[in-house]
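Written out below as structure tokens is the structure these notes cover.
Laboratory data are not the source of any read-out in this text; all were calculated from the coordinates shown. The model shown is predicted, which means the values in this text are computed figures rather than measured ones. Cβ placement follows ideal geometry from the backbone for every residue including glycine, while neighbour counts extend to all protein chains displayed.
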Amino acid sequence: MKIAITGKGGVGKTTLTSLLAYHYAGRGRSVLAIDADPSPCLGAALGFPADKMLELTPIAEMRDLIAERTGSSLGEVAGNFFKLNPRVSDLPDRFSEEHNGIRLLLLGAVQQGGAGCICPASALLKQLVQHVVLQCDEVVLLDLYAGVEHLGRGTAEAVDVMLAVAEPTHRSMRTVEQIRVLAADIGIENLLLVGNKVGSEADRRFFAENAPGIPLIGCLDASPEAIAADRSGQVLYALDRQLAMDVAAIADSIESALAGTGQAEERRYDHV
């Protein structure tokens, strides 16, 4: 199962990614969580201890590695010659850390060029994402920024589903509409909406009434435990049983949606 999670900044993409990671890990699945946000915080949400976080460096910041694998010189900018398909198969094992049955890999952000820039760093990141989506035999969760910059067309077509996370505001839903257009452009067939920070039935109605042609597969309530988890470094999945149940229902809805399109993989775990 390959799942990409995106949405406007601050809507809860990382929260949902961490909840799904613990859901699948708790059912015996091998999980690779990839933090592709420019300001990575998935490790903290997953409860990774400080010593393991110190061992993690975003791939985009590994200038020597990028130069070696792409054949570029350090500091080389877009427009020069470099490999567009560098070797990346060893990177997930070499540069990930494991905690509670979940492996974490940091991608980082490309700091040069504009949107859609083709530079050595972006080439390496896209090749790496393509590898984990196409080759890794495990649940892969991609915590993306509010866009699809790490996904090329060939990679996107292999993603089982993209989840657009939104909070009950019109600004958030406008971002979802932008994501819908971008996702269609690169061939993502299964785009689903998850509502977050729900505090009332009015919030649930808001999502149902304003989803821009995207199926709403579930909502997560605003959790008073979220701040406590963030401050203490504890895992929200273990603190809020209701959220754990809600994310289990969302995982079931993902499988149902994929079954409806003939893309569901064989179930390899028992539901609670």
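Of note:
- Between the residues M173, A25, M162, the greatest Cα displacement towards the positive end of the dipole of the chain, with unit charges on the Cβ of Lys, Arg, Asp and Glu, is found for M173.
- Charge dipole (debye, nearest 20) of segment 116-259; +1 at Cβ of Lys and Arg, -1 at Cβ of Asp and Glu: 400
- Sorted largest first, extent of segment 2-260 alpha carbons per principal axis (Å): 56, 40, 31
- Mean shadow area of segment 5-99 over all directions, Cα convex hull, nm²: 7.6
- Cα radius of gyration and Dmax for segment 21-63 (Å): 11.9, 37
- Charged-residue dipole, Cβ positions (Lys, Arg, Asp, Glu), segment 1-107 about Cα centre, Debye nearest 20: 480
- Straight-line cross-link reach from K13 at under 29 Å between alpha-carbon atoms covers these lysines, not counting any fewer than eight positions away in the same chain: K2, K52, K126, K197.
- For segment 2-260, the relative contact order works out to 26 percent when only alpha carbon pairs closer than 8 Å and six or more residues apart are counted.
- Value of [θ]222 nm, deg cm²/dmol, for the chain, DSSP H segments ≥ 4, -39500 (n - 2.57) each, nearest 500: -12500 deg cm²/dmol
- Scaling against 2.2 N^0.38 Å puts the C-alpha radius of gyration of segment 175-217 at 1.24.
- Only helices reaching 15 angstrom along their own axis (Cα) with mean Kyte-Doolittle hydropathy no lower than 0.0 count here, and for the DSSP H runs of the chain these are 13-26, 120-135, 241-260.
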